[in-house]
Every structure is written in structure tokens, then in C-alpha cells.
Amino acid sequence: MPVFNFNNKISNLGSTIGASDDSFGFSSPTSNQLSYVSASQALQNSDIYSIIFQLSGALASGEITANNQRAQNILDNPSATASTHAFWQSMFAQLLIGGESFAYRFRNANGTDSRLEYLRPSQVSTYLLSDGSGLIYNANFDEPDIGTIEAIPQSDMIHFRLLSKNGGMTGVSPLSALSSELNIKNSSNKLTLKALAQAVTSSGILKVKNSGLLNSKEKQARSRKATQELRNGVLVLDDLEDYQPLEMRSNIANLLDQANWTGSQIAKVYGIPDSMINGKGDQQSSIQMENISIIKSLANYVNPIVSELKNKLNTDVHMDVRKAVDPLGDQYASTLSGMTKDGTLTANQTVSELQHRGFLPDDLPAQQK
């Protein structure tokens, strides 16, 4: 554990290594200047919101267990202001958006965790100690009674990180890989809206046949009259007129399909099947195969979470996300049934496990022989 001189805290700090911002840089499609999009703006993208909501919800629905009871208590009741699920989903959502998330460990006089407090990235500055022996944090709290705490040792900060470019000290936002796709989608949305507005400017074409010659004033008058008749629900024509309603051009419809392409790119960055956001998967894949694919995707996020908790809580920590993928337990029951049929498990073992998982009631009557 490094020794800190709290009378001269800043002198122990090396260079800052955290972004300390809730924003993510995206190049403007019409400029080489770097612009910034906040997390709230990123979540206005329906595909990103869907992925963040589903992944963070699945992770928060996972069962986190620790071998130490004191560690288990803080995992089960981390916050004084939010439910357990809400707190962890917020932590995991920020991790997925920004590549890292923070929670300060409040401890009692005995050094036992009393509560965790979620901190926005903009509230935290991360520094590397000048001798490279560890990290240290400055944090600005929303509560006036707490204010700013400087020189927080890394043992007092839960710091989840995803992919890192500096040896695991800080994380990289997955959204940084989507700058081109999001710019293309934003430009596509503007182009589509403009094309749709132009496409519906005129609802149809009214032709006057048999060599009918109308001047501009007469054409405008007939157009206004026909429009009024259409609004009333019925357009009455004689043999000298022909009305043809306009249809949306195929190239306009193609513009609307581009959302699927950008959605697939976002799903690729987060390592999940695009069926999670597009609602369409490989038609040849079974539900079980898709669930296996989702569990593998979640493992990419479970491992850094578990690793950080093990390191800071000094105990073995496990995270089971199978319930998030199979909430009713049907797939798990089917797997146990297959293992019973091939003799891997006995019937009693299967029933006991299903009762332990809550799939079967504990007072299930014994089988009649």
C-alpha cells in the first residue's frame, strides 16, 4: 500500500489518466473538428438504448455471490438511496456507455463497507502515482456535506473497466468505435426525412384529357377544388379527367432500411447477436443456440466485473447470469432432463436441483410407485 502525504496531496500525483467526462467524441460528417455527444444524447439512439438497457438489465439480474458474508452484505444492499437492481444496472449501464464506471466505498470505523455511492465519470479524476505504485482518485460528491475528497486510494474505489489502452488503468468506450456509423445514421435520418417530406408534397396527379386546354389560373382552381373533394373523402371525375395517386419511390423505402445496417454495426461492437435489437436472427438458429450466444456475449462483461470485485473485496466472487437469459428456467430444466435420460444425473438429483432453483416447489409430493 503506497504511503500518502495528505498535507501535500497533489505532489504525490503523476499525470491524470482519466477522461473525467460524460461525453464521447465523434467527428462531424461535414467537418474535421471533434464534436462531443453526451451519454444522454447517445441513449436517444434507439439501437444504443436497446442494447444498453438489455445488457445492463441482464447483468443486474445476475446473481452475484461472495464467499465472505460481509462482502455479500454490501453486494446485496449496496446503496442507501436505490434498490439493489437499480444501483447495479446504473453501474453496468455507465460501464457499457463509457467503458468504465465508479462507486466510492463508504466504510465504518471497523473498515467494513457501509454503502457504495455511484459516481459519474465527470465527478472523478483518475491519477497514476508518481512512482507508478498505484492509482489515486479525486472525487466531487453531489452532497454539500461531503464536497470534494482528494487522494482516494484505489482500494476505496470500485472501478469497473472494459477494454483498456493503458494496461488496464482506465477503460475505452465502445461508442468510440461507432463514430462513423452514428454519423452515417444521423445523415441518413436527415436525408430520409427530407426525401419523405418532398415525396408527400403532392398526393397525386389530376390529368385533363381529350385535348383539354387550361391556363394556370384554371389549373390552380381545379387543383384546389379536387383537394377539397379529397379531404371530404370522395373525388368525383368525369370522362375528361383522370386521377393517379402517387406512390413512395423504392429509393425512399431503401433509405428507411438503412437503420437495420447501422443497428447490426452497433450490435457487432457490443458483441451481441443483432437479433437482440433488430428482432431478426438466423432463422436456422434455435432459441437455445441464441441463448448460448447471448451468454457468451455477457461473459465479456461479467469477467471484468467479477475481477474488480474480487480485487477490491478481497474474496472470491461469482456472477451467474443464466437467470437473465432463461428467467423461467425452462431451458435449464430441459438440460437437466436430458442429463437424467443419459444417466449423468439421477431423478432425485434433478428434482433436488430444480427445487433449489425454484423451478419446482419444495413440498412436491413423492412419485407414486
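Rundown of residues vs (1) open to solvent by less than 10 Å² (accessible area, probe 1.4 Å); (2) on the phi < 0 side of the Ramachandran plot, yes/no style:
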residue	(1), (2)
Gln72	no, yes
Asp76	no, yes
His85	no, yes
Ser130	no, yes
Gly147	no, no
Ile152	yes, yes
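Any residue in segment 338-359 that is modelled with pLDDT of 85 or more and of a type in the set (Lys, Arg)? So far as segment 338-359 goes, yes, one or more of its residues are modelled with pLDDT of 85 or more and of a type in the set (Lys, Arg). Residues that are touching a residue at least 60 places away in the same chain (Cβ under 8 Å), buried (at least 21 other Cβ atoms within 10 Å of the Cβ) and under 8 Å from the mean Cα position of the chain (by Cα) within segment 46-61 comprise Ile48, Ile51, Leu55, listed in sequence order. Taking every residue in segment 62-86 that is more than 26 Å from Asp326 (Cβ to Cβ) and pairing it with any residue that is aromatic (Phe, Trp, Tyr), at least 6 positions away or on another chain, the pairs with Cβ-Cβ distances below 7 Å are Ser79/Phe87. Among what's in segment 295-317 and is open to solvent by 30 Å² or more (accessible area, probe 1.4 Å) and in contact with a helix residue (DSSP H, G or I) (Cβ under 7 Å, 6 or more places away or on another chain), pick the residue that is farthest from Asp274 (Cα to Cα). Within segment 295-317, the match that is farthest from Asp274 (Cα to Cα) is Asp316. Of the strands (runs of 3 or more DSSP E) contained entirely in segment 43-126, those carrying at least 2 residues that are closer than 24 Å to Ile149 by Cβ fall at 100-107, 113-119.
Look at Glu100 and say whether it is of a type in the set (D, E, K, R), surrounded by 21 or more Cβ atoms within 10 Å (Cβ to Cβ) and modelled with pLDDT under 95. Yes, satisfied. Of all the residues in segment 319-350, those that are more than 19 Å from Ile292 (Cα to Cα) and open to solvent by 50 Å² or more (accessible area, probe 1.4 Å) number 8. Within segment 166-192, being modelled with pLDDT of 70 or more and either outside any helix (DSSP H, G or I) or among the charged types (D, E, K, R) (or both) holds for Asn166, Gly167, Gly168, Met169, Thr170, Gly171, Val172, Ser173, Lys190.
The values are calculated or read from the model by the stated rules, or taken from the named source; none is laboratory data. Remember, it's a predicted structure, so these values are computed and weren't measured experimentally. All Cβ positions, even for glycine, are placed from backbone atoms using ideal geometry, and neighbour counts span all protein chains on display. Side chains included, ligands, DNA and RNA excluded: accessible areas come from the protein's heavy atoms. Shrake-Rupley method; radii C 1.70, N 1.55, O 1.52, S 1.80 Å.
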